[in-house]
Amino acid sequence: MRLDVNSNNFDTTVRVVGPDAAINLFDDDGGPGVNSRLTFTARDVGFYIIVVSSFSGNPPRGNGAYTLRMERLGLAGLRTSGVADETGGNTSVTFGVNEIEEK
């Protein structure tokens, strides 16, 4: 699984919490500039929670627009991806085989 978080408004961070909170991954500036990128293998079955935030905890000027891109490589090389554009509230993207769902 690869997560890319991009924003022109703030220094992004991304955290992944896995099933039973046994997995807790974090990235600050793994992407270009101050954007975040996290690549990991989801070995446990269950729900994974992705938390996007700013490095300082508060986006500047009250504007927290960002794009979260999620991509995974499935069986036999099938690619599955989802995109979420968010300015507030909660967003979920559910993966299916070779489907793209935008929220």
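The values are calculated or read from the model by the stated rules, or taken from the named source; none is laboratory data. Owing to the predicted nature of the structure, the values given are computational and were not obtained by experimental measurement. A quick note on method: Cβ atoms are made from the backbone with ideal geometry, for glycine too, and the neighbour counts reach across all protein chains shown.
If you scan the range 1-31, which residues turn out to be part of a loop (DSSP other than H, G, I, E, B), within 15 Å of S54 (Cα to Cα) and in contact (Cβ under 8 Å) with a residue 12 or more places away in the chain?
Initially, the range 1-31 is screened for residues part of a loop (DSSP other than H, G, I, E, B), giving 1, 7-11, 18, 22-23, 28-31.
Now restrict to residues that are within 15 Å of S54 (Cα to Cα): 7-11, 28-31.
Across the range 1-31, the qualifying residues are S7, N8, N9, F10, D11, D28, D29, G31.
Looking only at the range 38-53, which residues are crowded, with 18+ Cβ neighbours inside 10 Å and of a type outside the set (G, A, S)?
Of the residues in the range 38-53, the ones crowded, with 18+ Cβ neighbours inside 10 Å are 38, 50, 52-53.
Correct list: L38, I50, V52.
Please determine, by comparing only the residues of the range 49-78 that are in a loop (DSSP other than H, G, I, E, B) and closer than 20 Å to G30 by Cα, which one is modelled with the highest pLDDT.
Our first condition is that a residue be in a loop (DSSP other than H, G, I, E, B); within the range 49-78, this holds for 55-59, 63-65, 74, 78.
Okay, now just the ones that are also closer than 20 Å to G30 by Cα, so 55-59, 64-65.
Working: F55: 86, S56: 77, G57: 69, N58: 65, P59: 59, G64: 73, A65: 82.
Restricting to residues being in a loop (DSSP other than H, G, I, E, B) and closer than 20 Å to G30 by Cα, the top hit is F55.
Would you point out the residue of the range 23-37, among those that are closer than 18 Å to R72 by Cβ and not acidic (D, E), that is surrounded by the most Cβ atoms within 10 Å (Cβ to Cβ)? Spell out the reasoning first.
Let us first name the residues in the range 23-37 that are closer than 18 Å to R72 by Cβ, namely 23, 25, 27, 30-31, 36-37.
Okay, now just the ones that are also not acidic (D, E), so 23, 25, 30-31, 36-37.
Details: I23: 15, L25: 16, G30: 17, G31: 18, S36: 25, R37: 18.
The selected residue is S36.
Could you tell me which residue of the range 32-41 is nearest to S54 (Cα to Cα), considering only residues that are in a loop (DSSP other than H, G, I, E, B) and of a type in the set (S, T, N, Q)? Walk me through how you get there before you give the answer.
From the range 32-41, those in a loop (DSSP other than H, G, I, E, B) are 32-35, 40-41; that's our starting set.
Imposing the further condition that a residue be of a type in the set (S, T, N, Q) reduces the set to 35, 41.
On the way: N35: 10, T41: 24 Å.
Among them, the one singled out is N35.
Quick one: in the range 3-22, which of the residues that are modelled with pLDDT under 90 and surrounded by fewer than 17 Cβ atoms within 10 Å (Cβ to Cβ) is nearest to R69 (Cα to Cα)?
Selected residue: N8.
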